[in-house]
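The block underneath contains the structure these notes are about, expressed in structure tokens.
The values are calculated or read from the model by the stated rules, or taken from the named source; none is laboratory data. Source: prediction; values computed, not measured. Here the Cβ is made from the backbone with ideal geometry for all residues, glycine too, and neighbour counts use every protein chain on show. Surface accessibility is based on the protein's heavy atoms, side chains included, excluding ligands, DNA and RNA. Shrake-Rupley method; radii C 1.70, N 1.55, O 1.52, S 1.80 Å.
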Amino acid sequence: MSRPHHLDLDRFVRGLARRNPAQAEFHQAVREVMHDVFPFVRENLRYSEQAILERMTEPDRVVIFRVTWEDDRGRVHAHRGWRVQFSNTIGPYKGGLRFHRSVNQSILKFLAFEQIFKNSLTGLPMGGAKGGSNFDPHGRSDREVMRFCQAFMTQLAPYIGEDTDVPAGDMGVGSREISYLFGQWRRLENRFVGVLTGKDLSFGGSLIRKEATGYGAVYFAEDMLTLRGDSLAGKTCTVSGSGNVALYCVEKLLQSEARVVTVSDSDGTIYVPQGFTWEMFDHLKDLKEKRRGRLGEFAEKFGVEFRGQSRPWSVPCDLAFPCATQNELNAEDAAALVGNGVQAVVEGANMPCTPEAVELFRTKGVLYAPGKAANAGGVSVSGLEQSQNSLRLSWSREEVDSRLRTIMHEIHKKCVAYGQDPSGMINYQRGANLAGFVRVADAMLAQGLV
Ligand code: NDP
């Protein structure tokens, strides 16, 4: 059946909002993609004739389950768990698990939707999914985290598999949590295969996986600057967050001879005007990865400034790397960055910049790399971990890093090819959205009405 040719974005998003009430983050993510895809679909009616946009914005399924577990004092808790399996058109479902008190269905649907386009951009065979729980691991003992992970996996196991759906980590889910989750899956299934990625090296993990998202974001930034005849050396960079993505973004920036002046957590921002030294970085990594400490301790040890309850965006910089969480950089923050002469904003996190902030960057000629392109390094190396597991062998650090670099170069090229503005500027957001869309949409057309 042919569909109306006068596609109307506002009407489309209003319909989506009616069908998915109280899911603000999901509406935001869909609107952001559709803003670029709509004009393209108007010129390519084969997509609208097969209702590709309506089909692409409805997840294949959302699984919701209760997670019952017992804390160290014998108190029983009931948390909620989800797995959003959005699209497996181009490969098995793939996407992280997030454990954070803020987790709800809207956030997981936004993340799973974004993941479809991100995974498509990588060129690897991976569909889009996301999952998690409103459980907060902060302040919980190792045994409590283990019991929670075991209870969570008991509920999730029927829905995942190495050729079906392969979860990974995300906020609050690092190596410790993936290990507990994998242990429980193995116990339930009595099999040993790559059903999760981000595993420890001793049981099927990949070298460079924990570094991949942060490193990849810096590789992408390098490519953006190279295209302008510039480089990272000597550039002042602000980074937000101090978790997995932020830490390895900082490490690669230091290796690239950039000056990193901030990191943050939900308590506030560390500001080091002269730039982080390697000694400071090593201490930070140990504090966050091993001791699960807070940034206040770091400030005390090194006698540096700690700005409580504040974000890094008022600090002057050449490049900004938001690596903490969604909507952490708003229009006011963007205005401060622009006022201080920022040249590029590169998203290590998913959707950290609000639409108003992105619009300001665009109108002021600031290079803007959306998360679905810039942070795709993490899922790319997850894809490489799956390949190594299937082959039952492990590649060297150099091999994985070189594949990661190549994938990030290719993503950058696709963004440039699809994102050329008549003005000569590259609209990386449009480039990423269109390049990601076309691969999935063409596969949907080829596969018929499913
Ligand atoms: P982590 O849990 O390792 O770290 C998150 C960091 O962000 C912590 O420092 C946390 O501080 C901080 N943070 C969380 N919420 C807030 C807030 N409201 N205000 C200020 N700081 C906050 O997560 P990751 O590093 O894995 O993920 C960060 C982002 O990157 C997320 O958007 C995630 O979806 C995205 N991403 C992650 C990938 C990965 O491979 N890990 C891949 C692609 C994207 P605190 O400890 O105080 O909570």
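3J(HN,Hα) couplings calculated from phi for the range 10-23 with the Karplus curve 6.51 cos²θ - 1.76 cosθ + 1.60 (θ = phi - 60°) are, in sequence order, 4, 5, 4, 6, 4, x, 4, 5, 5, 6, 10, x, 6, 10 Hz; Gly and Pro show x. Taking all protein chains together and rolling a 1.4 Å probe, Val338 ends up with roughly 40 Å² accessible. Ranked from largest to smallest solvent-accessible area, with a 1.4 Å probe on the protein heavy atoms, Lys290, Lys235 come out as Lys290, Lys235.
Listed by chain and number, the lysines whose alpha-carbon sits under 27 Å from that of Lys413, ignoring those within fewer than 8 places in the same chain, are Lys94, Lys118, Lys130, Lys210, Lys235, Lys252, Lys364, Lys372. Dimensions of the range 61-192 based on its C-alpha atoms, expressed as ranges along the principal axes with the largest first, amount to 47, 33, 23 Å. Ranking Glu399, Glu328, Glu32, Glu43 by solvent-accessible area of protein heavy atoms (1.4 Å probe, all protein chains present), from largest to smallest, gives Glu43, Glu399, Glu32, Glu328. When all protein chains stay in place and ligands, DNA and RNA are ignored, the 1.4 Å accessible-area order of Phe203, Phe65, largest first, is Phe203, Phe65. Evaluated over the Cα positions of the chain, the convex hull gives a direction-averaged projected area, one quarter of its surface, of 21.2 nm². On the principal axes of its alpha carbon atoms, the range 212-365 extends 41, 30, 26 Å, with the longest extent given first.
Close amide H partners of Lys94, meaning residues 5 or more places away or on another chain with modelled amide H under 5 Å apart, are Gly127, Gly128, Ala129, Val166. Note on the chain: with a GNM built from Cα contacts shorter than 10 Å, the maximum mean-square fluctuation among Phe281, Phe86, Phe135 falls on Phe281.
Distance from the Cα centroid of the range 270-284 to that of the range 227-260 is 12 Å (rounded to whole angstrom).
Taking the chain as a Gaussian network of alpha-carbon nodes connected by springs under 10 Å, the highest mean-square fluctuation of the residues Met280, Met153, Met34 belongs to Met280. Under the combined filter of DSSP loop state and at most 15 neighbouring Cβ atoms within 10 Å, the range 57-153 retains these trypsin sites (Lys or Arg not before Pro): Arg73, Arg75, Arg101. A simple charge model with +1 on the Cβ of Lys and Arg, -1 on the Cβ of Asp and Glu and nothing else charged puts the dipole of the chain at about 1020 debye relative to its Cα centre.
For the range 1-81, the relative contact order works out to 27 percent when only alpha carbon pairs closer than 8 Å and six or more residues apart are counted. GNM on the chain, C-alpha springs below 10 Å: top fluctuator among Ala151, Ala349, Ala221? Of the options given, Ala151 has the highest mean-square fluctuation.
Computing Rg and the Kirkwood Rh from the Cα coordinates of the range 345-450 gives a ratio, Rg/Rh, of 1.05.
Hey, what did the range 61-192 get for relative contact order, percent, Cα under 8 Å, at least 6 apart? 29 percent. Based on Cα contacts under 8 Å between residues 6+ apart, the chain shows a relative contact order of 15 percent.
Across the range 115-125, computed HN-Hα scalar couplings (Karplus, 6.51 cos²θ - 1.76 cosθ + 1.60, θ = phi - 60°) run 4, 4, 6, 4, 5, 4, 4, 5, x, 8, x Hz from first to last residue, x flagging Gly and Pro. Computed from the Kirkwood radius of its Cα pairs, the Stokes-Einstein diffusion coefficient for the range 246-322 at 20 °C and 1.002 mPa s stands at 171 µm²/s. For the range 16-163, the solvent-accessible area of protein heavy atoms averages 39 Å² per residue (probe radius 1.4 Å; ligands and nucleic acids excluded). Separation of the range 305-371 from the range 70-139 is 25 Å, based on Cα centroids.
Find how many whole Å separate the alpha carbon centroid of the range 6-64 from the alpha carbon centroid of the range 427-450. What the calculation gives is 13 Å, centre to centre.
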